Amino acid sequence: RNFIKSTLGNAAIVVTNPGIETMNTCFVDVSDIVVIHETTYQHYKTTHWPDWTFDYPASKFWHVVTECAANDMKDALALGRKRNAGLMFVTSRSTLEYHLGPPSYLPDELA
């Protein structure tokens with residue numbers, strides 16, 4: 001993070017996505033934002049959440065929730081708020097293809 005900021009300036013935002021459920025603080029200190037959770041809605045609902053995440057501002061954490069039906073989207077967002085997620089991406093797409101386009105219910109997310 002320090003190298004990126006010194007090279008690109010303090011306005012640069014360093015985002016890490018370790019590709020695993022991050023259950024320790026190792027990525028938090030080297031990033032502005034960490035994708036701390038990237039999984040299906042079914043798994044997201046039942047995942048144990050570590051208490052240490054509440055020692056940091058919500059702006060440090062980004063959750064990606066996939067395979068979430070439109071009628072569950074607001075519940076997923078509410079759960080993310082309870083889990084200290086400052087950023088959320090909730091989609092109907094699968095975990096392997098969520099990056100290929102917006103969820104089918106994008107208009108509801110924008111409302």
message: Consider the range 82-107. How many of its residues are in contact (Cβ under 8 Å) with a residue 12 or more places away in the chain, within 15 Å of Y41 (Cβ to Cβ) and either of a type in the set (K, R) or surrounded by 12 or more Cβ atoms within 10 Å (Cβ to Cβ) (or both)?
response: 13
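Return the residue satisfying two criteria in turn: it lies in the range 59-81 and is open to solvent by less than 50 Å² (accessible area, probe 1.4 Å) and touching a Leu at 6+ places or on another chain (Cβ under 8 Å), and of such residues it is nearest to I13 (Cα to Cα).
Taking the candidates together, the pick is F61.
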query: Of (1) at pLDDT below 90; (2) buried (at least 16 other Cβ atoms within 10 Å of the Cβ); (3) out of contact with any strand residue (DSSP E or B) (no Cβ under 7 Å at 6 or more places or on another chain), T53 satisfies all except one. Which?
result: (3)
- request: Tell me which residues, restricted to the range 13-24, are surrounded by 14 or more Cβ atoms within 10 Å (Cβ to Cβ), of a type outside the set (A, V, I, L, M) and modelled with pLDDT of 75 or more.
  value: T16, N17
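The values are calculated or read from the model by the stated rules, or taken from the named source; none is laboratory data. Fair warning: this is a prediction, and the values are worked out from it, not measured in the lab. Ideal geometry is used to build each Cβ from the backbone, glycine not excepted, and the neighbour counts take in all protein chains shown. For accessibility, only protein heavy atoms count, side chains too; no ligands or nucleic acids. Shrake-Rupley method; radii C 1.70, N 1.55, O 1.52, S 1.80 Å.
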